[in-house]
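Report on the following structure.
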Amino acid sequence: MSDATEAGEPAEPTGSDEGGAGGRRVRVVLVDDHRMFRTGVQAEIGRTDITGVEVVGEAADVDQAVTVITAARPEVVLLDVHLPGGGGVEVLRRCAPLMSDAENPVRFLALSVSDAAEDVIGVIRGGARGYVTKTITGTDLVDSIFRVQDGDAVFSPRLAGFVLDAFASTDAPPVDEDLDRLTQREREVLRLIARGYAYKEIAKQLYISVKTVESHVSAVLRKLQLSNRHELTRWATARRLV
């Protein structure tokens with residue numbers, strides 16, 4: 001490897017020397033449980049002077065990923081779907097506040113050997129901006145990283161259909177005005193309440209205080225015009241949020 005860190009260790013941000021891609025730079029974290037694959041990706045795209053991609057950290061499981069991403073605050077994370085500790089969806093859930101940062105959002109691009117519809121849809125619903133398979137070329141991967149940095153959605157050709165079909169499904173409206181009233185954190189609390197978690201358990205899961213959980217629950221009930229957690233659970237179940 002070149003300047004990438006070992007798994008679980010974030011790198012310090014480097015200087016602003018111009019790189020490839022017309023002088024643009026993008027800071028990237030690699031998350032994959034296969035060290036040899038991370039090494040290969042690093043070798044393929046991590047020559048910053050040519051590609052403009054600077055690999056600032058690596059991780060091999062969910063806990064490492066959250067630690068490295070939080071510390072390094074990259075523009076883009078290349079995220080494998082299947083990881084020890086809960087998978088890519090769990091990384092997305094725990095990094096939701098970083099994704100919703102208005103000024104410096106961390107964006108996620110799934111990079112996986114899997115092309116299963118449930119994997120694609122799961123990470124997109126979790127907040128990833130795109131999904132490409134590991135058959136992608138180095139040049140196309142670099143292009144995809146920069147597009148995701150710009151806020152575009154990127155998919156390997158045949159995978160886009162899965163997402164279009166999922167979000168065009170008649171089982172649920174593509175836009176839910178009630179759900180849109182809730183903040184990202186309120187949605188997280190809503191889902192955990194609906195799954196039967198106690199306030200203390202939710203606080204531990206989300207690294208917030210019990211009092212903050214109570215405040216979020218009150219806000220959710222008020223916005224959805226519900227009276228108690230039982231009604232909230234029924235509401236969430238009806239929308240398949242549980």
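The values are calculated or read from the model by the stated rules, or taken from the named source; none is laboratory data. Since we're looking at a predicted model, the values are computed, not measured. Note that we place each Cβ from the backbone using ideal geometry, even for glycine, and neighbour counts take in every protein chain shown.
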Can you tell me how many residues within the range 204-218 are crowded, with 17+ Cβ neighbours inside 10 Å and either farther than 20 Å from Leu92 by Cβ or of a type in the set (Phe, Trp, Tyr) (or both)? 2
If Ser100 satisfies every condition in (1) in contact with a helix residue (DSSP H, G or I) (Cβ under 7 Å, 6 or more places away or on another chain); (2) within 22 Å of Arg38 (Cβ to Cβ) but one, which is the exception? (2)
Condition first: in a loop (DSSP other than H, G, I, E, B), touching a residue at least 40 places away in the same chain (Cβ under 8 Å) and closer than 20 Å to Val53 by Cβ. Now tell me which residues in the range 74-107 satisfy that. Pro74, Glu75, Asp80
Scan the range 77-111 for residues that are among the basic types (Lys, Arg) and out of contact with any Asp or Glu (no Cβ under 8 Å at 6 or more places or on another chain) and jot them down. Arg94
Which residue pairs have Cβ atoms closer than 7 Å, lie 6 or more positions apart in sequence or on different chains, and pair a first residue in the range 204-219 that is without any contact (Cβ under 8 Å) to a residue 60 or more places away in the chain with a second residue that is among the acidic types (Asp, Glu) and assigned to a helix (DSSP H, G or I)? Leu206/Glu188; His216/Glu186; Ala219/Glu186
Taking the options Arg234, Arg239, name whichever one is more than 23 Å from Val62 (Cβ to Cβ) and either in contact with a helix residue (DSSP H, G or I) (Cβ under 6 Å, 6 or more places away or on another chain) or surrounded by fewer than 14 Cβ atoms within 10 Å (Cβ to Cβ) (or both). Arg234
When (1) at pLDDT 90 or above; (2) not in a loop (DSSP other than H, G, I, E, B) are applied to Ile121, the one that fails is (1)
All positions within the range 90-123 that are more than 18 Å from Leu30 (Cβ to Cβ) and under 8 Å from the mean Cα position of the chain (by Cα): Arg93, Ala96
Across the range 118-133, which residue is surrounded by the most Cβ atoms within 10 Å (Cβ to Cβ) among those that are more than 12 Å from Leu79 (Cβ to Cβ) and out of contact with any Asp or Glu (no Cβ under 8 Å at 6 or more places or on another chain)? Val120
Residue count for the range 1-44, restricted to those that are of a type in the set (D, E, K, R), exposed (fewer than 15 other Cβ atoms within 10 Å of the Cβ) and either more than 26 Å from Glu90 (Cα to Cα) or modelled with pLDDT under 50 (or both): 6
Among helices (runs of 4 or more DSSP H) lying entirely in the range 129-199, which contain 3 or more residues that are over 27 Å from Thr237 (Cα atoms) and either of a type in the set (Gly, Ala, Ser) or at pLDDT 85 or above (or both)? 138-149
Name the single residue that is nearest to Gln205 (Cα to Cα) among those in the range 57-68 being surrounded by 24 or more Cβ atoms within 10 Å (Cβ to Cβ) and of a type outside the set (D, E, K, R). Ala65
